[in-house]
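The values are calculated or read from the model by the stated rules, or taken from the named source; none is laboratory data. Not measured: the values here are computed from a predicted model. Don't worry about glycine lacking a Cβ; one is built from the backbone with ideal geometry, like all the others, and counts go over all protein chains shown. All accessible areas refer to the heavy atoms of the entire protein, side chains included, with ligands and DNA or RNA removed. Shrake-Rupley method; radii C 1.70, N 1.55, O 1.52, S 1.80 Å.
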Amino acid sequence: MNHFRNTIFSGIQQEEFETLSKNWQRKYFPKNTIILNEGDRSDYFYLIESGKVKVLLEDEQGKEFILNVLEGGEYFGEMALIDNEVRSATVVAMEDSNLTLISMQDFTRCMAQYPDIAARLMMGLIRRLRHATRKIGSLALLDVSGRVASMLLQLAHKKDGVLVVEKQLTHKEIANNVGSSREMVGRILREMIDSGYISIDRDKRIILHEKH
């Protein structure tokens, strides 16, 4: 678990980290497994060793709205442990994932013993709040096409001089992120391809093109 020392645990000496992490649990979650449910008790803080998870809300009809997607090196579950409330969202493994679980007692001890951890968690919460604010603004102010475009721009990064979305996204995943239907997203993506705004390469990556 030494790779976690490069995240919120950076700055902790090797010996101290080994002592700190000796009671942490490691657990494997197959793809599509529910890791925790909205409304569950707050018993653990979760570190993602490998894999990918989605943080979501679900309505009474079972329709998902994805709040965030997290990958190796990231974490979740801190809010409920800080305010001692129940879980505010459901978390599901999007692919086979290995997680490290830290109990509430150990989590509290970590923050008390190493104030820098608490400071990094606070900065992480601020980043997630900003992300949520942008997402809410997008849902309120943009039409579906605008929300899809905004999502792709947020996920894209420069590679070989072009903007690329490396993550392979299904139409359903995009729809759940932008609050629309899979059919609508499919139509919008086809229109964006036909108009030359995006293309999809042989590796299923989405390439964003500038229109002049």
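Can you list the HN-Hα couplings for segment 196-208, worked out from phi with the Karplus curve (6.51, -1.76, 1.60; θ = phi - 60°), rounded to whole Hz and with x for Gly and Pro?
Karplus-based 3J(HN,Hα) across segment 196-208 equals x, 7, 9, 9, 10, 8, 5, 8, 6, 7, 8, 9, 9 Hz.
So which aspartates and glutamates pass the test for Lys167, namely a Cα distance under 13 Å, with those fewer than 8 places away in the same chain ruled out?
Counting by Cα, and skipping residues close in sequence, Lys167 has these aspartates and glutamates nearby: Glu71, Glu95, Asp201, Asp203.
With only alpha-carbon atoms in the gyration tensor, what are the semi-axes of the equivalent ellipsoid for segment 1-71, in Å, largest first?
With the √(5λ) rule applied to segment 1-71, the semi-axes are 30, 13, 11 Å.
Suppose every Lys and Arg Cβ carries +1 and every Asp and Glu Cβ carries -1, with no other charges. What dipole size does the chain come out with about its Cα centre, to the nearest 20 debye?
480
Suppose only helical runs count, i.e. DSSP H with n ≥ 4. What mean residue ellipticity at 222 nm does that imply for the chain under -39500 (n - 2.57) per run, divided by all residues and rounded to the nearest 500 deg cm²/dmol?
-12000 deg cm²/dmol
Given a 1.4 Å probe and every protein chain left where it sits, what share in percent of the accessible area of the chain is carbon and sulfur?
Solvent-exposed carbon and sulfur of the chain make up 50 percent of the total.
Enter the Cα centre distance for the pair segment 53-72 and segment 111-133, rounded to the nearest angstrom.
Here the two parts' Cα centres lie 21 Å apart.
What does the accessible area of Tyr114 come to, in Å² to the nearest 10, when a probe of 1.4 Å is used?
Using a 1.4 Å probe on the heavy atoms, I get roughly 40 Å².
For Asp40, Asp194, give the ranking by accessible area with the largest first, probe 1.4 Å.
Asp194, Asp40
Hey, if we sort Asp203, Asp106 by accessible area with the 1.4 Å probe, largest down, what's the order?
These residues rank, largest area first, as Asp203, Asp106.
Over the alpha-carbon set of segment 60-125, work out the extent along each principal axis and list the three values in angstrom, largest first.
That gives 43, 25, 21 Å along the principal axes, largest extent first.
Taking amide hydrogens as modeled 1.01 Å from N in the peptide plane, which residues meet the under 5 Å criterion relative to Thr33, leaving out close sequence neighbours?
Those lying under 5 Å, H to H, from Thr33 are Ala93.
Sorting Glu78, Glu15 by accessible area (1.4 Å probe), largest first, what list results?
Result, largest first: Glu15, Glu78.
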